[in-house]
């Protein structure tokens with residue numbers, strides 16, 4: 001009997017742990033509670049930790065990721081993403097703008113062997129060159145983001 005058309009998958013699939021996943025479904029996020037974000041299958045929501053006027057960012061794409069069949073794009077600390085503002089000033093909302101992830105709550109491993117994580121997911125709004133829209137960052141910034149983006153490092157208070 002042929003196995004075509006049965007809907008099963010042949011072989012094992014590679015399973016990755018994603019930091020801040022981005023998928024392309026029609027599900028929506030629950031933005032009712034400001035402290036406990038509910039991550040649905042339509043993308044990750046970041047707190048905006050600069051003084052640009054945005055309160056949270058909704059990731060819609062990750063820039064600079066290579067393509068692989070069935071692999072979801074995911075962002076980590078220091079990655080530039082394309083995001084929209086869901087809460088904040090009206091002139092910032094409903095526009096696609098670049099942002100840089102500066103904190104993530106999923107643990108990741110540094111090359112020296114330590115595992116690090118923050119208590120929230122956060123990002124800052126930048127332009128295409130990496131210059132910040134705001135002038136100050138609240139809270140700590142990951143070392144990976146500070147090394148890649150010098151304007152973020154100069155505006156941050158604590159680099160971990």
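The values are calculated or read from the model by the stated rules, or taken from the named source; none is laboratory data. Keep in mind that what you see is a predicted model, and the values were worked out from it rather than measured. Here the Cβ is made from the backbone with ideal geometry for all residues, glycine too, and neighbour counts use every protein chain on show.
Observations
- Scoring residue 145 on the criteria (1) farther than 19 Å from residue 62 by Cβ; (2) under 16 Å from the mean Cα position of the chain (by Cα) leaves a single failure, condition (1).
- Within the range 109-129, restricting attention to residues that are more than 14 Å from the chain's Cα centre (by Cα) and not in a loop (DSSP other than H, G, I, E, B), the residue that is surrounded by the most Cβ atoms within 10 Å (Cβ to Cβ) is 116.
- Of all residues in the range 41-59, those satisfying the criterion of being over 9 Å from the mean Cα position of the chain (by Cα), without any contact (Cβ under 8 Å) to a residue 40 or more places away in the chain and not in a loop (DSSP other than H, G, I, E, B) are 55, 56.
- Search result, residues across the range 68-84 that are more than 14 Å from residue 122 (Cα to Cα) and assigned to a loop (DSSP other than H, G, I, E, B): 68, 69, 70, 71, 72, 73
- None of 125, 137 is modelled with pLDDT of 95 or more, touching a helix residue (DSSP H, G or I) at 6+ places or on another chain (Cβ under 6 Å) and under 19 Å from residue 20 (Cβ atoms) except 137.
- The range 33-90, subset surrounded by fewer than 16 Cβ atoms within 10 Å (Cβ to Cβ) and at positive phi, residue modelled with the lowest pLDDT: 70
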